[in-house]
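FYI, it's all coordinate maths here, none of it is from the lab. The shown structure was predicted, so the numbers you read here are calculated from the model rather than taken from an experiment. For neighbour counting, all protein chains shown are included, and Cβ atoms are generated from backbone atoms with ideal geometry for every residue, glycine included.
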Amino acid sequence: MVESVLVFRGEDEAVAQPETFRCCPLGLQFYARDAFPTYRVLDLKVEVPADGGGRTPFDCSGVVVHSEYDEERELFRTWVVFVDVPPEVRQRFDCLARKGGFLCPHCENY
């Protein structure tokens, strides 16, 4: 079973992610209290469950390609495309995304 997903922005309180959260080898779709400017480069630390328990952190970068307000959730949904994820980390993201049901519509077709 996949743990709940939390997104932190700096030192702010975490935002629990709804069922429409996405994390796949291509990038992330997450919710935050504030909008992110389009084309901003983000430094990300993604922690995924490790095989033997605990979590494995990965540092990577991504570019914000869209951020819009979701009235239903009263949060901003943000789309980020990864720019520097090594192949072995992409493979881990693919496994996690398939196991957790986090695949984006594009990856669901492949």
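Taking the Cα centre of the chain as the origin and placing charges on Cβ (Lys, Arg +1; Asp, Glu -1), which of Gly10, Val83, Tyr39 is farthest toward the positive end of the dipole?
Result: Val83.
For the chain, what proportion of DSSP beta bridges, expressed in % and rounded to the nearest 5, is antiparallel?
On the way: 28 of 28 bridges.
Taking every DSSP beta bridge with both residues in the chain, the antiparallel ones total about 100 percent.
For the chain, with only Lys/Arg (+1) and Asp/Glu (-1) charged at the beta-carbon, what is the dipole magnitude about the Cα centre, in debye rounded to 20? Please list the in-between numbers first.
Values: 12 positive and 19 negative charges, 66 e Å.
Its charge dipole is roughly 320 debye.
Cα axis of helix 87-100 to longest principal axis of the chain: angle in degrees, 0 to 90, nearest 10?
80 degrees
Can you tell me, using C-alpha contacts under 8 Å and at least 6 residues apart, the relative contact order of the range 7-53 as a whole percent?
Numbers: 24 pairs, mean separation 12.1, N = 47.
Answer for the range 7-53 is 26 percent.
Using 7 Å Cα-to-Cβ label points, what is the Asp34/Asp94 separation (nm, one decimal)?
Inter-label distance under the simple model: 3.6 nm.
Apply the Karplus curve 6.51 cos²θ - 1.76 cosθ + 1.60, θ = phi - 60°, to the phi angles in the range 11-19 and return the couplings in whole Hz, x for Gly and Pro.
Result, ordered by residue: 9, 5, 4, 5, 10, 5, 8, x, 5 Hz.
Extension gain Lys45-Ser61, at 0.36 nm per residue separation less the Cα-Cα distance, in nm? Don't skip to the answer; put the middle values down first.
Details: separation 16, 0.36 × 16 = 5.76 nm, distance 0.85 nm.
Here the answer is 4.9 nm.
Just need the relative contact order of the chain here, percent rounded to a whole number, with Cα pairs under 8 Å and 6+ apart. Show your work: numbers first, answer last.
Working: 193 pairs, mean separation 30.8, N = 110.
Averaging sequence separation for qualifying contacts and normalising by length gives 28 percent for the chain.
Which net charge results when you count Lys and Arg as +1 and Asp and Glu as -1 among the other residues whose beta-carbon is under 13 Å from that of Val63? It would help to have the intermediate numbers written out before the result.
Details: positive: Arg40; negative: Asp43, Asp84.
With Lys, Arg at +1 and Asp, Glu at -1, the neighbours total -1.
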